[in-house]
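The values are calculated or read from the model by the stated rules, or taken from the named source; none is laboratory data. Since we're looking at a predicted model, the values are computed, not measured. Every residue, glycine among them, receives a Cβ derived from its backbone with ideal geometry; neighbour counts consider all protein chains shown. Each accessible area value is taken on the protein alone, full model and side chains, heavy atoms only, with ligands, DNA and RNA left out. Shrake-Rupley method; radii C 1.70, N 1.55, O 1.52, S 1.80 Å.
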Amino acid sequence: MPTSVCTAKASYKKAPGLLELTDTHIQWTQDGKKAPVVRFTHSEASSLFCSKEGAAQCRLKIAKYGDENGYNFAFTSPQPTASAEREKFKQELTAIITKNRAALELTQQTSVPPPSIPVTAPISNAPTPRIPPSHPAVSRAQSVVSERVNERRATTPIIPGNDAANDFRLRKKVLVSDPELASLHRDLVMSGQITETEFWDGREHLLLAQAAFENQKKGKPGQLVDPRPETVEGGEIKIRITPQLVHDIFDEYPVVAKAYSDNVPNKLSEAEFWKRYFQSKLFNAHRASIRSSATQHVVKDDPIFDKYLEKDDDGLEPRRQPAGDVDLFVDLGATLEDHGETGNERDITMQPGRQRGALPLIRKFNEHSERLLNSALGEASAAKRRKIDKDTYAAIELDDLRDSESSAGITLEMQDRERYFEGRTAAGSNGVDHEHLDFKTLVHEAKQNLQNWETNLNQLKIERKPGDAALMAMTTNVATRLDVRSRKNDIPVGLFTQMTTCQTAANEFLRQFWLSMYPQPNDVQTVVVATPAQRAAKAEKMIGYLSKTKEKVDALVRTAQADGVDHNRVEVAMKPLLNAVDWALTFYHTRKGAR
Amino acid sequence: MSTLLAVVLDLAPAQWHAAAKASTSPLPLATFIQHLNAFLNAHIAANNDNIIAVFAALPGTSVMLYPAAEPHVPVPDANSYTPFKLLDSAIIHGIERELDVIADSDNEVPVALVGALSKALCYINRLTIAQPTAKNEHALDPHILVLSVSPDLSSSYIPIMNAIFSAQKLKVTIDVCKIYGPETVFLQQAAHLTGGSYIYLERRDALLQYLTMSFLSAPALRKTLSVPTQDKIDFRVACFCHKNIVDIGFVCSVCLSIFCQPVPVCSTCKTRFPMKILQRLNAARPLLPSANSNGAARNSSPAGGRTNGNGNATRTR
Ligand SMILES: [Zn+2]
Ligand SMILES: [Zn+2]
C-alpha cells in the first residue's frame, strides 16, 4: 500500500475528483470511482506548469516524458485552500522533476547547456511574476548526484578536431582575439606557405582554451537591479522596460511581483502599472543608492503603491531573520560577553547598526548577495554549509595559530662541485705563483701593512698615469653602452617590415619542424594524431622552407645595400635566426644520416 | 639622496701578499687601506645621512668592523675630522684584532665571504625594517660593495646564490670590485642579478679612481650617471654531469639541475623519474655531434616511438 504524500480536490477534464501524490505515483481518481483514471510513476514526470497567482482558476499542469500535453488539473477547494494545496504539490513535484532530470543527464552525458530550473513557467505569456523558487528538501544523495553532473559539465569541453565546422568557428575566434597570431596566419596560411592544419598543429591548447571558455556556464549577473533613466527631457524620465528587467525586478523585489499580480490587469493596465511604479515611493525605496535628490520631486504619493511600501529596514534586528545559525566568525554579538564583566572595553569598532541610515542599504546588499550565492551554489549548499558550521572546534582552529611544521625538505647536494666550477674559474687565473708561504708569516705581513695608516692616509697620492688609464678604460666602457642605447633605428620601414616577416615566418617553420621531430606529447586532448609518415613529410617540407632562409636573408642584405643602409646591421640582426636555422638543418641531416 | 653602503673586504693574507708582488700594477694591502679609507670618508662626507657599515671576510671567519661593537676611542686630534677618524680607526683596529685571533692557526683556509655577505644583508635588513618607510620611500638606498681578491670557492656556490636571492628580495644592489685574482663567476652573477656593477681592475694602483667613479654614487642615481659595469657575463649552461657547455639540457623538475642527457635519478636531489618520461626524453635527445662535448653525449640511436609522460626537456641557450 503506497503512502500518500499529499492529496487535494481537483478537477480533470472538468470532472471533479481527487489528485493524489504517493511516494511512488501521481494519480487522479474521479469522484465516485474506485480506480484512478490518471496514474503514472514519479520518474515519468518531466515538467510542471502553474497558472499565475491570483488567476481565476488555480491550475497545475504536469507533463510526462513523451507526452508534453500532459495533464491539466484545477484545484477546486475554495481559496485560499486551493492555492496552499497547489503550493504543496508544486514543492513535491519540483523535487521529483529535478531528480528525474539529473538522472537523465547522468545517463546521457550530454554537454548541452543545463535546462532552466524546472520550477514554474507561467502559462500565460504576459510578463508574469515568476514565483520565487521553492526549496524542497533535497536528500544528500541527490545533491551529490546533481553536483557531479555540474562538475562533468564544467570539465568536458568540446574536443577540437571532432567537428570541422566547430573547429573553424573556434579558430576564427582565437584569431580575432589575437591580432598577432592573426597576422602570422595571414602571412603563412593565406599566402599558402603552410596549410591551415599545420598552422594549428601545436596550437591545440588555444582552441581548447577557447572551447572551455565558451562552455563555461555563466552565473547570475551580480549587479543589483537598478533601472536608470535613459533620457531626461523636460523633466520627463524614460525607462525602457524589457522582459528581462521585469523579470529582474520581480526577482529582486517580490513585493513588486505581488503588487503586479494584485493589480494588473484589473485595476491598472500593464503600462500604467510601470509608469506609476517608477514614480512611486516604492521604487525610490528600491533604488540601489540614494543617488539623486533631483529625482526626488518626481516621486508622487500613490494610493496603490504606497500600500506596498515597507517600513525602512533600519531596526536593530533585520526584518528578515537569517535562516540557520550565524557563523560565529561574522557574528558581531558573539564577543559581547567578553566585554563588560571581564573589564575589557566595549568593542566600539564593530557595532551593528551604528549608522542607522545605512542599514537598509547594507541589508539590501546582503540579501542580494545571499540570493546571488544561493543561485550559484544551488540546493546542495544549505546542507553543505550547515555541515561546516557544526564543528565549532574546527571553526576556531585557525591556520595562523598553528605552529608551522618544519619539513626537512630535500637537501641540494651538488655532486663534484669542485670539478663543476674549476674549469670555468681557472681560465682567468693570472699566473699566481703557487709558492708555499707560511700562514703565520702572511698574517704578520698583513699586520705590518696596517702600521702607520694615518700617516699613509695623509700622504695619499694617485699617480697620474694609472689614474688616467683607469679613467679612460671606464669612460670607454660607459661610452660603448651609451652608443648602443642612443643609436636610433634608421632602417627604412619597408625593409624593416621585410626583416620582421622573414623572422616570423622562419620562426614558424622552426616551430613546425621541431614539433615534427620531437615526440608528441600525449597530454594534449586532440583526436587528430599525425602518423609518423605524416610527421616525416612535414619535417621535410619545413626543412625545404628553412633551407631557403639564407637566400632570403641575403636578399635583404642586398636590399639594404641598395637602400644605402649599413648592411652589417641587417646581418647582425638576422644572425641569431640563421644560427637557429643552421642548427635545425644540421640536426635534420645528422638524424637522417644516422638512420 | 642618502645611501646605505655596506662594504665587504676580502682580507685573504695570501692573496694580498700576491697582489703586492703582482707583475703589473701591484697593490700592497697598505695602499689598499689608504685608498679605501679615502673612499669611505668621501662617502660619509657626501651626505650627512649616509650610513656606512664595513664587514671583513677573513680566513674561516667574518666580522663586522664598523660600526664596532666595542668602539675604539681614538686620541683626539686637531688635524683630523672626527667622524673620519672614528671610522678609519675602527676599521684598522678591527682588522688588527681579527688578525691577532687567526695568527696562531697553521693553515690558511678560504675567507668566509658568504658569512660577511650575509652579515651585511642582515644589517641592511635591520636598518630597513627599523626605518619608518612612510616618510620617504627611498630614504635608504642600500648597496653592498664587495672588494674581492680571492678566487671563487666552489663549495660556496649555493650559499652565494642564496645571498643573491636575499639581496634581490631586499632590493639591495651588490657591486663588485675585483682587485686581484681571477674573474669570479659567482660575483659576476651577484652583480648582474642585483643590478650592480662588476669591475675588474686593470690598473690596481688607481683603485681610488675606480672606487669613486663607479661605486660612490647611489644606485638610484646610476641611470642618470652611467657608471661602468662588466660588458660580458658568462651565461652559458654546463651540465652537472660532465660539466660540458650544452645547448639543449634536461632539467630536473624538482631542483633545476641540468643534465646533458636524461637520467633516471637526479644526482643532485635524488629524485627518481618514471621510465616513460625517460623514454620520451631519450627520443628527444639532440643528435648533433656537439663541438663542445668530448664524446660524452654518444650518438646512440634514439629509443624511438612515441611514449607517454610529461617530460621536461628544456632548451637552454
Ligand atoms: Zn653531462
Ligand atoms: Zn633534482
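Put simply, of B:126, B:204 the only residue that is over 28 Å from residue B:235 (Cα atoms) and among the charged types (D, E, K, R) is B:126.
A count restricted to region B:150-168 and to residues that are part of a helix (DSSP H, G or I) and more than 17 Å from residue B:119 (Cβ to Cβ) stands at 6. The requirement of being among the basic types (Lys, Arg) and either surrounded by 13 or more Cβ atoms within 10 Å (Cβ to Cβ) or in contact with a Pro (Cβ under 6 Å, 6 or more places away or on another chain) (or both) is fulfilled somewhere in region A:62-76, by at least one residue.
So that you can scan it fast, the table gives a plain yes or no per residue for (1) closer than 27 Å to residue B:33 by Cα; (2) of a type in the set (A, V, I, L, M); (3) without any contact (Cβ under 8 Å) to a residue 60 or more places away in the chain:
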residue	(1), (2), (3)
B:87	yes, yes, yes
B:94	yes, no, yes
B:105	yes, no, yes
B:115	yes, no, yes
B:129	no, yes, yes
B:145	yes, yes, no
B:155	no, no, yes
B:165	no, no, yes
B:182	yes, no, yes
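When the test is whether a residue is more than 9 Å from chain B (Cβ to nearest Cβ), surrounded by 12 or more Cβ atoms within 10 Å (Cβ to Cβ) and part of a helix (DSSP H, G or I), residue A:497 does not pass it. Selection of first residues in region A:436-450 that are more than 7 Å from chain B (Cβ to nearest Cβ) and of second residues that are outside any helix (DSSP H, G or I), restricted to Cβ pairs under 8 Å at least 6 apart or on distinct chains, gives the following pairs, ordered by first then second residue: A:444/B:103. In the condition set (1) open to solvent by less than 30 Å² (accessible area, probe 1.4 Å); (2) within 29 Å of residue B:43 (Cα to Cα); (3) more than 8 Å from chain A (Cβ to nearest Cβ), residue B:182 is compliant with all but (3).
Is one or more of the residues making up region B:27-36 away from chain A (no Cβ under 12 Å), within 23 Å of residue B:142 (Cα to Cα) and either outside any loop (DSSP other than H, G, I, E, B) or in contact (Cβ under 8 Å) with a residue 60 or more places away in the chain (or both)? No, every residue in region B:27-36 fails to be away from chain A (no Cβ under 12 Å), within 23 Å of residue B:142 (Cα to Cα) and either outside any loop (DSSP other than H, G, I, E, B) or in contact (Cβ under 8 Å) with a residue 60 or more places away in the chain (or both).
Considering region A:29-39 alone, what residues qualify as being part of a strand (DSSP E or B) and surrounded by fewer than 17 Cβ atoms within 10 Å (Cβ to Cβ)? Passing the criteria: only A:39. From the list B:250, B:259, which residue is among the aromatic types (Phe, Trp, Tyr), modelled with pLDDT of 85 or more, over 20 Å from residue B:188 (Cα atoms) and surrounded by fewer than 20 Cβ atoms within 10 Å (Cβ to Cβ)? Just a single option satisfies the conditions, and that option is B:259. Being more than 13 Å from residue A:454 (Cα to Cα) and either within 13 Å of another protein chain (Cβ to nearest Cβ) or not in a helix (DSSP H, G or I) (or both) is a property that does not hold for residue B:90.
Is there a residue in region B:32-42 that is modelled with pLDDT under 90 and not polar (S, T, N, Q)? Checking region B:32-42: not a single residue is modelled with pLDDT under 90 and not polar (S, T, N, Q). Kindly check whether there is at least one residue in region A:3-20 that is touching a Pro at 6+ places or on another chain (Cβ under 9 Å), part of a strand (DSSP E or B), closer than 19 Å to residue A:67 by Cα and assigned by TED's automatic domain parsing to the domain that holds residue A:87. Checked region A:3-20: no residue is touching a Pro at 6+ places or on another chain (Cβ under 9 Å), part of a strand (DSSP E or B), closer than 19 Å to residue A:67 by Cα and assigned by TED's automatic domain parsing to the domain that holds residue A:87.
When residue A:164 is tested against (1) more than 26 Å from residue A:531 (Cβ to Cβ); (2) modelled with pLDDT under 80, only condition (1) is not met. Those residues that are touching a Ser or Thr at 6+ places or on another chain (Cβ under 8 Å) and away from ligand 2 (no atom under 13 Å from the Cβ), I need them from region B:229-276; list them, please. Listed by number, the residues that qualify are B:229, B:230, B:231, B:237, B:242, B:244, B:246, B:247, B:248, B:260, B:276.
When residue B:296 is tested against the conditions (1) over 18 Å from residue A:518 (Cα atoms); (2) at pLDDT 75 or above; (3) open to solvent by less than 50 Å² (accessible area, probe 1.4 Å), the lone failure is (2). Can you confirm whether residue A:479 is in a helix (DSSP H, G or I) and either away from every other protein chain (no Cβ under 11 Å) or in contact with an Asp or Glu (Cβ under 6 Å, 6 or more places away or on another chain) (or both)? No.
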